[in-house]
Amino acid sequence: MASQTKMYRTSRIIEHDLTVPLPKCMYPLKNIHSKDTGKEMAQERPDHVSTCDRTPAISDQVKQFLKNNQHVEGMADLLTKQEKILKQLQELRGQIESIKVDLKVDPTKTSNPTLNTPITNKQVIGDISDIVVNADPLYPPYSLEIVQKLIHNTINLRVTCHVHSSVSELPENARALEETLSNYQHEDKLPDLHVRLIWKNVGVDAEFVVTRYTLRGEVNLLRYVGRVVPSLLSYDSDPDSVEIDSILDMCYLFTRTKTKTERSGYVTALGKLLGKDWIAHRGTVSVADLAAYSAVRQHFKQNEMPAKLTKWFEMVGTVNMLRHKV
Amino acid sequence: MVEDKAGENKSSKSALKKEAKKAEKAAKKAEHKQSNAENQPAATPEVDVSIGKYGNLPVITSEKKDVERKFTYVLDLNKTLSGQTVWVRARLHTSRARGKQCFIVLRQREYTVQALLNVSEAVSKPMVKFSSSIPKESIVDVEARVSEVPNSIASCSQQDVELIVSQLWVVSQSAAQLPLQLEDASRPEKPEDEGLNIRVNQDTRLDNRILDLRTPTNQAIYRLEAGVCRLFRDVLTKKGFVEIHTPKIISAASEGGANVFTVSYFKGSAYLAQSPQLYKQMAIAADFDKVFTVGAVFRAEDSNTHRHLTEFVGLDLEMAFNFHYHEVMLTIGNLFTEMFKGLRDEYKNEISIINQQYPAEPFTFLDPPLVLEYDEGRKMLAEAGVEVGAEEDLSTPAEKLLGRLVKAKFDTDFYILDKFPLAVRPFYTMPDPNNPKYSNSYDMFMRGEEILSGAQRIHDPVLLTERAKHHEIDISKIAAYIDAFKYGCPPHAGGGIGLERVVMLYLGLDNIRKTSMFPRDPKRVTP
């Protein structure tokens, strides 16, 4: 269970093309489903199922065609025609560029949002102005601390903390996290995303309420923030998205382990994936690191940290505040 | 004894029943044998061996000072006292005679214990007969040996011991006919309750309030109410507030003239105070800095609803601040948090007793309390499909809906709504300097019902006069009020709550009459 799980691989449900032994005690009937109910057809395919004939691939066919028709007349015309079209396209591009200059749009910039472009428009985070996070003080959502740092030049993640009546006393580490989160220095110009962190007896899964629905699990909160805030945290188009997803799932399962042996299984698996050069290889901290960081920190004290993860853990914890690159 | 014979521990009800039957048979057999044995010597006059151990005590007229008996509280009866002989003064809750036995349940406030009289060498037949004839609700003195029971007694609060009675005296006898049965009055209000469904209606309860108040639930409600009052005093005193007492007979209506009681005052007439507002403010103008008051408040509103009384206990406070009225608002918010915490931690037992009869979700709150601006509240309502205008007040249904929305999102039954529209607040409310449509005022809500309405008051006589004119109020009538600020007054804000309403909402009860000991409403001025 502790191994990496690939998503979306499903087992085969229906097996086609099985040879069904036909009973011989009955009269054979014509195949009424086939278009050409010819005799040969019926004889050739008595099971009604046709398999694809092995024909040469299209590209092979094209190659073959070109080989055979290298000196065909009209080919030169076709080439000149193509060049003409390309030239026209180039002109069109030039025109658009000049229009851009007229409209005072920086022609060197493209409209694609890039990670480092500061977002000055509140529209980016849409109507969502606040998120309520219910977290158990025994399992503080440490990832918020790093999210706040990571997106600090995109969005001000303003955190206000409350203690719910189900909690009578706040443990030290929860209080420390509360202080770090609420005392973070923000820049004034950026849009705000308000997070109300409520310490509540909810158990291991932090809950978060965006509109009317409650979602559970810190990893899912991170997934959500990744979608809402276009930043380093989004991983939809990441080449490692499958790995990231599976690490997130692993962290989710890890947080709900009960025994030491169960836990050590996950630690080994995480160590294998993250320990060596995951960050160096990717060049950035990802949402997976945050989830794993939080999960590991919830379950181990500073001095009990598994050796394999120590270096990685420090790297995530001291993520450079000025640049995303580690 | 039933319990002794029961022998092994069997927990199922049917097993218990079987046991009881067996025991009954055995008891009958024993009785039979005994009677045979008694009959044989024949006609020997029966001597009451228990004479001097039971009967009616003379009325206690404080004749003697010395302590005859040292009483033990029912609450303290437990296994550790097993085997000891104790004296208990309690009410006879129920008694049930069966052959030569009599089971009595003794009650002291919400605590009950089973007592048992068994015909034996020390206890005579007439004594058992006497015990079964004492009317319910009489006060009795009982001398008894504490005895452990093998199977816990589910019907009593002291479940692991019973009392084996050796003396029984009636201290004060109750009338035999009770206008309401305490069992009926304390039956849980569960919707799909099978079995007995007899309840006592509100008016019967209120007409016979002394009896009704004896139920464990009512005992707990008023203990908790006292707690709210005490916590209010303690928390504020710790914050440096001073308790003041304001007059209840006043010469002019403090908040408009409509809902005020007029009383004849010698040759003229006076009014009963609707709120101590003016006097709190005068105390601030007189440099008391932070004041609070606890006292009766009168409202001549002819509304017969579940949440209106014509007389209630007002807990009011007023506080001078330095720069921003949020200093006061957050102090009040914190006061509530501290009170809720105190109730949660110190009144667990009371709350659970009340919940047994009136089930309610436990009261939730946040520390620090949730503060929403009026506009945010409006936005939440709009998302749920209820439009409230920018300068409109919240209607009661909108208030309740907002309470539900807040509860769903933040899981808190208490929250503060800040920055109400100026148009819906009284003339003395300070307008918001940043937006003339809004005011520096706030409401606080419990379970979606408003419990406190407060604001920064205008402390400048010129501005106050201007605002009063704007509201078309006759300046000559409020001259005394305006004059209070003539000689300099610190900026201040405050608010007030109704004790009964806070207790009702904290416990999730459905009627304010359940939290007022002797409620006053348009239709009731007795008892």
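Give me B:Asp432, A:Asp192, A:Asp77 ranked fewest to most by other Cβ atoms within 10 Å of their Cβ, as a rough exposure proxy.
Working: B:Asp432 18, A:Asp192 15, A:Asp77 9.
Going from least to most buried by this count: A:Asp77, A:Asp192, B:Asp432.
Taking other C-beta atoms within 10 Å as the exposure proxy, A:Arg297, A:Arg263, B:Arg96 rank B:Arg96, A:Arg263, A:Arg297 from fewest upward.
Give a quick list of trypsin sites (Lys or Arg not before Pro) in the range B:450-527 that DSSP marks as loop, anything other than H, G, I, E or B, with at most 14 other Cβ atoms within 10 Å.
Numbers: sites: B:Arg457, B:Arg467, B:Lys469, B:Lys477, B:Lys486, B:Arg501, B:Arg513, B:Lys514, B:Arg520, B:Lys523, B:Arg524; in loops: B:Lys486, B:Arg520, B:Lys523.
For trypsin sites (Lys or Arg not before Pro) across the range B:450-527 that sit outside H, G, I, E and B with at most 14 neighbouring Cβ atoms in 10 Å, the list reads B:Lys486, B:Lys523.
Can you give me the Rg/Rh ratio for the range B:104-197, using Cα atoms for both radii and the Kirkwood formula for Rh? Walk me through the intermediate numbers first.
Values: Rg = 15.2 Å, Rh = 15.1 Å.
Rg divided by Rh gives 1.01.
Once you reduce the range B:272-340 and the range A:214-244 to the center of their Cα atoms, the two points are 49 Å from each other.
How shielded is B:401-411 by partner chains, expressed as the average number of their Cβ atoms within 10 Å of its Cβ atoms? Can you show the working numbers first?
Values: counts 0, 0, 0, 0, 1, 0, 0, 4, 8, 8, 12.
Average neighbour count from other chains, rounded to a whole number: 3.
Take each residue of peptide B:335-344, count the partner chain Cβ atoms within 10 Å of its Cβ, and average: the result is 1. Entry for the range B:396-527 at q = 0.19 Å⁻¹: log10 I(q)/I(0) = -1.06, Debye formula applied to identical alpha-carbon scatterers, no solvent contribution.
Neighbour counts of other C-beta atoms within 10 Å: give me A:Ile155, B:Ile139, A:Ile99 arranged from fewest to most.
Details: A:Ile155 24, B:Ile139 16, A:Ile99 11.
Fewest-to-most Cβ neighbours within 10 Å comes out as A:Ile99, B:Ile139, A:Ile155.
Based on alpha-carbon atoms, the Kirkwood radius and the radius of gyration of the protein assembly as shown give Rg/Rh equal to 1.14.
The alpha-carbon atoms of the range B:216-514, seen along their principal axes, cover 55, 49, 38 angstrom, with the largest extent given first.
The C-alpha radius of gyration of the range B:96-153, expressed as a fraction of 2.2 N^0.38 Å, stands at 1.15. Cα convex hull, the range B:395-457: 84 Å³ per residue, rounded to a whole number. If you wrap the Cα atoms of the range B:45-188 in a convex hull and average its projected area over all directions, you get 10.2 nm². Translational diffusion of the range B:287-334 was estimated from the Stokes-Einstein equation, with Rh taken as the Kirkwood radius over Cα pairs; at 37 °C and 0.692 mPa s the coefficient is 251 µm²/s. Amide H contacts of B:Arg98 (H built 1.01 Å from N, in plane; Pro and chain starts excluded): B:Phe103 sit under 5 Å, all sequence-distant by 5 or more or on other chains.
Mind pulling up the Rg/Rh value for the range B:274-391? Radius of gyration and Kirkwood radius, both on Cα.
That ratio is 1.02, to two decimals.
Its residue count N fixes a reference of 2.2 N^0.38 Å for the range A:134-234, and the Cα radius of gyration divided by that reference is 1.04. Taking label points 7 Å from Cα along the Cα-to-Cβ direction, B:Met517 and B:Ser120 give a separation of 4.2 nm. In the range B:212-317, the inverse of the mean reciprocal separation of distinct Cα atoms equals 15.7 Å; this is its Kirkwood hydrodynamic radius.
Spin-label model, A:Lys87/A:Lys100: points 7 Å from Cα along the beta carbon direction are separated by 2.4 nm.
Simple rule: put +1 on each Lys or Arg Cβ and -1 on each Asp or Glu Cβ in the range B:299-368, find the dipole, and look at B:Leu309, B:Phe340, B:Ser352; the Cα lying farthest toward the positive end is B:Ser352. Counting every alpha-carbon pair across the range A:122-317, the share separated by more than 32 Å comes to 11%. Against chain B, whose longest principal axis is taken from its Cα atoms, helix B:326-346 shows a tilt of about 10°. On a per residue basis, the convex hull of the C-alpha atoms belonging to chain B measures out at 210 Å³.
None of the figures in this text is laboratory data; all of them are computed from the coordinates on show. Keep in mind it's a predicted model, so treat the numbers as computed, not measured. Reconstructed Cβ throughout: ideal geometry from the backbone, glycine too, with neighbour counts over all protein chains shown.
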